1. If you take every residue apart from Gly80 with its C-beta less than 13 Å away from the C-beta of Gly80, what net charge results, scoring Lys and Arg +1 and Asp and Glu -1?
2. In nanometres, what is the gap between the two model label sites at Arg219 and Asp97, each 7 Å from Cα along Cα-to-Cβ?
3. Counting only protein heavy atoms and a 1.4 Å probe, tell me what percentage of region 174-300's accessible area is made up of carbon and sulfur.
4. Given axes a ≥ b ≥ c from the Cα gyration tensor, I'd like to know whether region 95-143 is rounded (a/c under 1.5), prolate (a/b larger than b/c) or oblate.
5. Considering only protein heavy atoms, what is the solvent-accessible area of His112 at a probe of 1.4 Å, reported in Å² to the nearest 10?
6. Need one word for region 16-165: rounded, prolate or oblate. Basis is the Cα gyration tensor (sqrt eigenvalues a ≥ b ≥ c); a/c below 1.5 gives rounded, then a/b vs b/c decides.
7. Can you classify region 245-326 as rounded, prolate or oblate using the Cα gyration tensor, where a ≥ b ≥ c are the square roots of its eigenvalues, rounded means a/c under 1.5, and otherwise it's prolate if a/b beats b/c and oblate if not?
8. Given labels modelled 7 Å from the Cα in the Cβ direction, how far is it in nm from Gln196 to Leu257?
Amino acid sequence: MSSTELPGVRSASEPSFRAGAARVAEGEQLRTALLPGLELTVRSRPATRSGLPPALFVHGLGGSSANWSALMALLEDSVGCEAVDLPGFGWSPPPGDKDYSVTAMARAVIRHLDAAGRGPVHLFGNSLGGAVSTRVAAVRPDLVRTLTLVSPALPDLRMQKSALPTVLLAVPGMTGLLNRLAGGLTAEQRTRGVMQLCYGDPARVRPEDFRTAVEEMERRMALPYFWEAMTRSTRGIVDAYTLGGQHGLWQQAQRVLAPTLLVYGGRDQLVAYRTARRAAASFRGSRLLSLPEAGHVAMMEYPEAVANAFRELLHDTDRDIEDGRG
């Protein structure tokens, strides 16, 4: 599970401009990928030189492709970056069939990759996007060169108390109640609450990024499908947690062939840090980056640390290919 539109914590100031009504960081581009019955907004940051491998970034519950902007800016010298807005989030319209399951999200990512012909990619996923990316890597290994998961939403029945309000969205009838209870909150109050939940230290967020997040919260809350997207996606995660056999996410993690980097925050209030050990044992040959001060969105709080760990993964993977071991 993850954030609503969250501001990143960056070490350098990056100016932005508005493309239509969408905010796009300098150096980024937005486009719409049209597929039969599916429309995805894609945020891209071209590589600084030709010949670099492609990467795809998948956000978490309530987030958007903008959640990856800080990390993409640091990796433009290593990969060609694209981040998708999953159906119903960011600037992508909701799916026509109203299917927000993890399987449907994974299918959307696969369809995009197949249509774009960019695979195999270095695939990144945060929270819900981590569950989606795990499923993609398991069922379509030909599309994934490496896998980087930041606080992936993998099944954990020992739910943290701080995650309860999010999980309640999956309970039939609770959405309206929660919406009424929060109805008196301003966009600024809602944004501050999300930040308290998702960041290890919300005080590190720059004031200008906080204002941007409030504006995005206002926009999202005005969308007629906002609560439906949140509710159905949350149910999709809960349903994925209950699947067993070959469709279970932990079983699929064991089937992933791609070299995997796992990133966990010690202050994560949504995905328990204790699951890092099980994840490291489930993804074969994986490596673990532990960030004690990070919360649920380490790629936004500590993008430099995540970028450095990925570069090490990329270097080692390329070396193994050259040596004939990849």
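The values are calculated or read from the model by the stated rules, or taken from the named source; none is laboratory data. On a predicted model such as this, the values are computed, not experimentally measured, just so you know. All Cβ positions, glycine included, derive from the backbone under ideal geometry; neighbour counts span all protein chains shown. Just so you know, the surface numbers come from the protein's heavy atoms only, side chains and all, with ligands and any DNA or RNA stripped out. Shrake-Rupley method; radii C 1.70, N 1.55, O 1.52, S 1.80 Å.
1. Working: positive: Arg43, Arg45, Arg49, Arg118, Arg145; negative: Glu28, Glu76, Asp77, Glu82.
With Lys, Arg at +1 and Asp, Glu at -1, the net is +1.
2. For Arg219 paired with Asp97, the spin-label model returns 2.9 nm.
3. 53
4. Note, shape of region 95-143 comes out oblate.
5. Per-residue accessible area (His112): approximately 10 Å².
6. It is rounded, given that a/c, with a ≥ b ≥ c, falls under 1.5.
7. Details: a/c = 2.78, a/b = 1.18, b/c = 2.35.
Here region 245-326 falls in the oblate category.
8. Using points 7 Å along Cα→Cβ, the separation is 4.8 nm.
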